[in-house]
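Where a number appears in this text, it was derived from the coordinates with a stated rule and is not lab data. Only a predicted model underlies this, so the values are computations on that prediction, with no experimental measurement involved. Cβ placement follows ideal geometry from the backbone for every residue including glycine, while neighbour counts extend to all protein chains displayed.
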Amino acid sequence: MSGMAMLCRDCSFGLRNGNCAACGRWIGASRGVPARLCGDCGFRSPDECAVCGSWTAGPVQPAMLCPDCAANGMKETCVKCGKWAP
């Protein structure tokens, strides 16, 4: 079972939550596609930031992909390890 990738407070602070979790490019909140974790990464580290790996305690933001990364098939793969994450 896969899950939603999340960002820690540091990686989601201010406008950083509008950056692509895969390539880091600015996308803005409205055009992004949710980043996913595969079952392995979601099971082993469900509370880790998808970008930096820090613990995501407290309020967190979903990690997003830019349209280019999503179009390149990354919306169906784990943002951490690249395995299939339906």
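If you take Rg and Dmax of the Cα atoms in Å from the coordinates, which of (1) 13.8, 51; (2) 11.5, 32; (3) 13.0, 44 do you get? Recomputing Rg and Dmax of the Cα atoms in Å here picks out (2). Averaging the Cα positions of each part gives two centres, and for the stretch 57-76 and the stretch 14-38 these lie 5 Å apart. When you filter the trypsin sites (Lys or Arg not before Pro) in the stretch 1-81 for DSSP loop state and at most 14 other Cβ atoms inside 10 Å of their Cβ, you are left with Arg25, Arg31. Near Val51, the amide H atoms lying under 5 Å from its own belong to Cys8; only residues 5 or more places off or on other chains count, and H is placed 1.01 Å from N. Restricting the stretch 5-56 to chymotrypsin sites (Phe, Trp or Tyr not before Pro) that sit in a DSSP loop and have at most 12 other Cβ atoms within 10 Å of their own Cβ leaves Phe13.
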